[in-house]
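Worksheet for the structure shown next.
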Amino acid sequence: MNFFWRVFLFFISLGFIAAIAGVILTAAIIYKYGQSLPDFVQLKDYRPPVVTRVYATDGRFLAEFAQEKRIFVPVDEIPPLVKNAFIAAEDQNFYQHKGVDVFAIGRAVITNVKNRAEGRRPVGASTITQQVAKNFLLGNELSYERKIREAILAFRIEQVLSKDRLLELYLNEIFLGARSYGVAAAGLHYFNKPLQDLTVAEVAYLAALPKAPNNYNPIRNREAAIARRNWVVDRMLAENFITPAQAELAKASALETTLTDDDDVVNAPYYAEEVRRELLARYGADGLYRGGLSARTSLDPALQNVAEKVLQDGLVTYDRRHGWRGPVARLGVSNAWSQMLTDFARPEGMLDRWRLAMVLGAKGARIDIGFSDQSKGYLNESDSTWSSSDPLKVGDIILVQKDKPDDATNFVYNLRQIPIVQGALVALDPNTGRVLAMQGGWKFDKSEFNRVTQAKRQPGSAFKPFIYLAALDKGYTPSSIIVDAPVTFTDSAGNVWNPENYSGEFYGPTPLRVGVEKSRNLMTIRLSQNVGIESVADYAAKFGINPKMEKHLANALGSTETTLLQLTTAYGMIVNGGKKISPSFIDRVQDRYGKTVGNTDTRTCDGCGPLVRWENQTTPTIADMREQIGDPRTCYQMVSILEGVVQRGTARSLIELDRPLAGKTGTTNDSKDAWFIGFTPDLVVGVFVGFDNPKSLGEKETGGSVAVPIFKNFIRDALKDVPPTPFRIPPGVRMVQVNAQSGRPTTPSDPNAIWEAFLAGTEPNNTAASEDIYGPARPESTPSFDPNLDPNAAYSPSQNLQPQPQSQPPIENPPPSETGTGGLY
């Protein structure tokens, strides 16, 4: 008996000593690894990096910017089904343990003994709290030392943070593959759904990913992904988070990932990149890529689609005029032609609506083609003629577009080639400066350079309206006579400049209006000399075209560089009555919590707001904060003159659109740049076409032949459901019938009669019909512009004041003073 008692006491003592040793050892381990642990208190106020998302004006998704693709969702807004799936899969005792699950560790030890014997990777027993410690504070080092530090940290974190806060951090931080961090981003990526719309099967798949997202890729590792998903479903059932019926349905469901619906996404990469640059400038890289901003832009998706298509079609049309450059490749004849097409890389810049094809037969005008899916068709007969400079042969790889895309019985295709020429189009609201659409080039993946905002080019004659506007502000009228005659300038070095009209002819005394309508260079030079090149430079700066325009007469013909956006915005300030606007891409920016941190519209409104009750009070008036930089009366005169460009001048092809339109063409020397800036009362559109390395567009290629057709197609498609609106006439303007060619008063029976806009008191006298009117015509008694006049008031053509006689001296030929080159047309 004594022997057994001694043995019992020995083991009791041994156990006691072991327990003390264990405590000492544990204390030593905690002391050793607990001294240099990172500060976890930061998790209290931790704000994870969140993706910045950008939306079009209709709320559709445009772009996102992030280093880690994450959408933060507060724990209270995460559906219970999502929480329970991850708890069942990752930490079934999450709400019971204190940071470390001892029972899970025991199970892992037993399993790892077996795995070690079988040469398999050991399994872990990390709780969600431990994973938070690892993901946020420790990293992914695979070692026992890191596991010890992780366990110590987990225990300490549980003393500070609530279980819900820990779950919130985990579900928003966890990496779930495909650059998706957090459950919200993953739900959108894999299923294109918000969390509340996910099914049991979809939630289970997301919960299957944390251990190894790449191992359960739904496409590359489909069987493993389904097996792991079904395991999660079983775990959810075992924890009574779902019913047996739900589990059976989930496991029977196919694993189908869903791409983002094209109808929910706006494709406007040039616009999105401009927004990215602006957000980066405003909020810095940290704010843009980690701040979780939400930006609502002014992009109109319908207008953007039209802008992209008409610009691309216009560049194709121009490119086709200048010849066929040969097939994409010449591979020769092969029975495996369909596989050859499948393996052939899409050429850079190829449009999505085009297809790669191989020539299968070429006999006379008949060219048969085949596609990678083994379907066949044939080219339009006109393409055989077009490509005759380098005839197509069997085995040639070409680009084609279906002649009638919506007709399944039609197998006719049109031959295509990627243009070398580039171009740009921008459309904005002239009243606010909001940029509604922007296409900065042929295709973004071919060239990210934005020719709307980044390309500085000579505007040519598109600059002329601002010279004539300066003249109108100095007292000229649209009927003032300017001499269209030869002029020569010689500088001190003996260099001679002989500007001339595009036609090479001279037209003698001509009304100011015609100088714009017909884009007369010699009239423009004389007028610039008279009003002063300093004044011209001032207008270029005031309207934002070029703040540092050199004061040379050559610049009167548009040789000073500007961007398409700057010039289009300047035209907007003419049509809006001289109000200062700045182009804007972003309407509003909110932070991750929904607080507005940036708003382009800074107008104030007394009596507005969500707490104001409607009690039949007077509608609040929103103050107009825009600076008045121009006289609305002379701005309207210029609008009227630019209408003449459409009706009788260099943009006559626009007449058939049958709506009020105005604008101006521009072409530089040797036809290197082609422009057209046109507008309606509420929309201004700028078009530019040219080579990135400037060279001639070709003989007789002008803004009228290249840019105007693009503008025409844009207006036709963009405004097809918008009723025409007349241009608004401000107070102080009188409409008088004059002869369009002479500028003299006339009668309604005159076939060349037009309504001309005059400032009140400057109307021509009928008795002056036999006189030429030279120079400024504004009498000293004529009232100057009053910025307090109501800009919305309008005068009809019948409101003519009593005509008053005028007599002004002619403009003398300017002395030689400048050299340089300038715009032609």
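Details
- Unique match (being over 27 Å from LEU331 (Cβ atoms), of a type in the set (S, T, N, Q) and touching a strand residue (DSSP E or B) at 6+ places or on another chain (Cβ under 8 Å)) among THR409, THR432: THR432
- Count - residues of segment 201-260 that are in contact with a Ser or Thr (Cβ under 8 Å, 6 or more places away or on another chain) and in a loop (DSSP other than H, G, I, E, B): 3
- Residue match in segment 310-325 (condition: out of contact with any strand residue (DSSP E or B) (no Cβ under 6 Å at 6 or more places or on another chain), aliphatic (A, V, I, L, M), open to solvent by less than 50 Å² (accessible area, probe 1.4 Å) and at pLDDT 95 or above): yes
- Selection of segment 261-282 for residues being open to solvent by 70 Å² or more (accessible area, probe 1.4 Å) and not in a loop (DSSP other than H, G, I, E, B) yields ASP262, ASP263, ASP264, ARG277, ALA281, ARG282.
- Qualifying residue in segment 334-348 (condition: in contact with a helix residue (DSSP H, G or I) (Cβ under 9 Å, 6 or more places away or on another chain), touching a residue at least 12 places away in the same chain (Cβ under 8 Å), open to solvent by less than 60 Å² (accessible area, probe 1.4 Å) and assigned to a loop (DSSP other than H, G, I, E, B)): yes
- When ILE369 is tested against (1) touching a residue at least 40 places away in the same chain (Cβ under 8 Å); (2) open to solvent by 50 Å² or more (accessible area, probe 1.4 Å), exactly one condition is not met: (2).
- Selection within segment 561-581: residues that are assigned to a loop (DSSP other than H, G, I, E, B) and among the β-branched types (Val, Ile, Thr). The member of this set that is surrounded by the fewest Cβ atoms within 10 Å (Cβ to Cβ) is ILE581.
- Checking each residue in segment 701-734 for being of a type in the set (Ser, Thr, Tyr) and open to solvent by less than 20 Å² (accessible area, probe 1.4 Å) picks out only THR702.
- On inspection, ARG633 passes the criterion of being of a type in the set (D, E, K, R) and within 29 Å of THR510 (Cα to Cα).
- Subset tally (residues that are of a type outside the set (Asp, Glu), within 18 Å of PHE61 (Cβ to Cβ), part of a helix (DSSP H, G or I) and modelled with pLDDT of 95 or more) for segment 289-309: 5
- Residue satisfying all of: in segment 68-94; under 38 Å from the mean Cα position of the chain (by Cα) and among the acidic types (Asp, Glu); least open to solvent (accessible area, probe 1.4 Å) among these: GLU68
- Filtered residues of segment 598-608 (kept if open to solvent by 70 Å² or more (accessible area, probe 1.4 Å) and within 19 Å of GLY292 (Cα to Cα)): ASN599
- Residues that are over 30 Å from GLY441 (Cβ atoms), in contact with a strand residue (DSSP E or B) (Cβ under 9 Å, 6 or more places away or on another chain) and open to solvent by less than 10 Å² (accessible area, probe 1.4 Å), drawn from segment 530-560: LEU553
The values are calculated or read from the model by the stated rules, or taken from the named source; none is laboratory data. Please read these numbers as outputs of a predicted model, since none were measured by experiment. For neighbour counting, all protein chains shown are included, and Cβ atoms are generated from backbone atoms with ideal geometry for every residue, glycine included. Just so you know, the surface numbers come from the protein's heavy atoms only, side chains and all, with ligands and any DNA or RNA stripped out. Shrake-Rupley method; radii C 1.70, N 1.55, O 1.52, S 1.80 Å.
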